Amino acid sequence: MSTVIHQEVLLKAAPKKIYEALVDSKQFSKVTGGAPAEISSDAGGVFSCFGGMVTGRQIELVPNERIVQAWRAGNWDAGVYSIVKFELKQQGASTKLLLDHVGFPEGSADHLEAGWKANYLEPLKKYLA
C-alpha cells in the first residue's frame, strides 16, 4: 500500500468555488452529471457519492484550501479506507487543484487514477468552465 496517486489540474475558478463544488451535495451531483451525492460539509461528517459507490468521512476541512477524506470504494473489503487530499492553490484568476490518494488496496492504482480524471477532475473542469 505504498503507491501514491498524485494529480494536478488548473481550473479557471476561485478556490472558494471549487471547494464548494466538492463539499456541497447538490453542486457535486451537478458536477458528476446528476449522480446521487450526500456530502457533509463538517469535519467528522460522512459522505456518499456516485449513488454510494464511494463513501467515507471528512477528516479535515479548511475552507477554500484543503479537504482530507477517509475514502473507500464500495467494492473494497469491509473496513478498508484510504486517504484522499484535495489542496487548492490560487494562481491568478485560476486555482491549481492538487489531488493525492494514498493507502488504497494493492492493484487498484490504475483504475483509481483513471477514475479520478474521468469522474472528478474532468467533470469539475467542465462544470467550472
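Rule-based calculations on the coordinates, nothing more; no lab input. Since the model is a prediction, treat every value here as computed from it, not as a measurement. All Cβ positions, even for glycine, are placed from backbone atoms using ideal geometry, and neighbour counts span all protein chains on display.
Restricting to region 104-116, what's the tally of residues that are in contact (Cβ under 8 Å) with a residue 60 or more places away in the chain and surrounded by fewer than 14 Cβ atoms within 10 Å (Cβ to Cβ)? Walk me through it before giving the result.
Pass one, region 104-116, residues in contact (Cβ under 8 Å) with a residue 60 or more places away in the chain: 104-106, 109, 112-113, 116.
Imposing the further condition that a residue be surrounded by fewer than 14 Cβ atoms within 10 Å (Cβ to Cβ) reduces the set to 106.
Counting residues in region 104-116 that are in contact (Cβ under 8 Å) with a residue 60 or more places away in the chain and surrounded by fewer than 14 Cβ atoms within 10 Å (Cβ to Cβ) gives 1.
Would you check which residues across region 75-103 are surrounded by fewer than 17 Cβ atoms within 10 Å (Cβ to Cβ), in contact (Cβ under 8 Å) with a residue 60 or more places away in the chain and in contact with a Phe, Trp or Tyr (Cβ under 9 Å, 6 or more places away or on another chain) and list them? Scanning region 75-103 gives Leu98, Asp100, Gly103.
Regarding Ala78, is this residue over 21 Å from Glu8 (Cβ atoms) and under 13 Å from the mean Cα position of the chain (by Cα)? First the steps, then the outcome.
Details: over 21 Å from Glu8 (Cβ atoms): yes; under 13 Å from the mean Cα position of the chain (by Cα): no.
Against the criterion (over 21 Å from Glu8 (Cβ atoms) and under 13 Å from the mean Cα position of the chain (by Cα)), Ala78 does not qualify.
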